[in-house]
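Visitor: Quick one: this structure, given as structure tokens, is what I'll be asking you about.
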């Protein structure tokens, strides 16, 4: 039996709290629920839209700011990963990915920097976006912010800029929209990853931050 009562000040029924995996369905359209294992230590308040529980404020589901280093290799490699709970991309109208790449010195360029989404957490996953060279020889870091929507259970579309320079996106040769096929988001714990393909073996590639934020 489900007990509901109005959320103070909102008039909406409050369906209590649960983990994301145990969320179930809402008691009615507009019902609210606290998802205890998404977002910060206090969890995240979500609203039932008749089909899905959705966020009502920007909510980070991946937020890794620990510096990670790859190997001194000229091969494409994944350096940092973050796992998404099954179905969590249904909880937003769009999601934003932010990555900060780097390298150990300032003498060697990267060939590519890449962001992937898939089920393996390896270079076998779908490339959501890439940039060449990403890091020029003298660069020690390079940041990217991209905005995406889910158009079907297996298709992610990029709708925002690739390069971040202050508050404006840099030029890119990629056309829009960018549609990418991914494993079924309703059945798969997807893995977001960031990596670098260095042009040589003189420097160590790094990823400083990896973030995925759900937006209402």
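The values are calculated or read from the model by the stated rules, or taken from the named source; none is laboratory data. These numbers were taken from a predicted model, which means no experiment stands behind them. Quick reminder, even Gly has a Cβ in these numbers, built from the backbone with ideal geometry, and neighbours come from all protein chains shown.
Visitor: Regarding residue 124, is this residue free of Cβ contacts under 8 Å to residues at least 40 places away in the same chain and within 17 Å of residue 189 (Cα to Cα)?
Guide: When the stated conditions are applied, residue 124 passes them.
Visitor: Do you know which residues across the range 38-70 are exposed (fewer than 13 other Cβ atoms within 10 Å of the Cβ) and free of Cβ contacts under 8 Å to residues at least 60 places away in the same chain?
Guide: 40, 41, 42, 50, 51, 66
Visitor: From the list 91, 66, exactly one residue is more than 23 Å from residue 216 (Cα to Cα) and in the same structural domain as residue 130 (by TED's automatic domain parsing). Which is it?
Guide: Result of the check over 91, 66: 66.
Visitor: Let me ask another. Tell me which residues, restricted to the range 90-101, are surrounded by 22 or more Cβ atoms within 10 Å (Cβ to Cβ) and within 13 Å of residue 206 (Cβ to Cβ).
Guide: Result: 99, 101.
Visitor: Right, here's the next one. Which of the residues spanning the range 102-121 are more than 14 Å from residue 79 (Cβ to Cβ), touching a residue at least 60 places away in the same chain (Cβ under 8 Å) and part of a loop (DSSP other than H, G, I, E, B)?
Guide: 105, 107, 108, 109, 119, 120
Visitor: In the range 69-95, what residues are in a strand (DSSP E or B) and under 17 Å from the mean Cα position of the chain (by Cα)?
Guide: 78, 79, 80, 81, 82, 83, 94, 95 - these are the residues of the range 69-95 that are in a strand (DSSP E or B) and under 17 Å from the mean Cα position of the chain (by Cα).
Visitor: Further, regarding this structure: Just checking, how many residues over the range 176-205 are assigned to a strand (DSSP E or B), surrounded by fewer than 21 Cβ atoms within 10 Å (Cβ to Cβ) and in contact (Cβ under 8 Å) with a residue 40 or more places away in the chain?
Guide: The qualifying residues number 4.
Visitor: Something else: Determine which member of the set 143, 124 is in a strand (DSSP E or B), at pLDDT 90 or above and assigned by TED's automatic domain parsing to the domain that holds residue 88.
Guide: Going through 143, 124 in turn, the sole match is 143.
Visitor: Next up: Count, please, the residues in the range 160-216 that happen to be at pLDDT 95 or above and out of contact with any strand residue (DSSP E or B) (no Cβ under 8 Å at 6 or more places or on another chain).
Guide: Going through the range 160-216 one residue at a time, the tally reaches 4.
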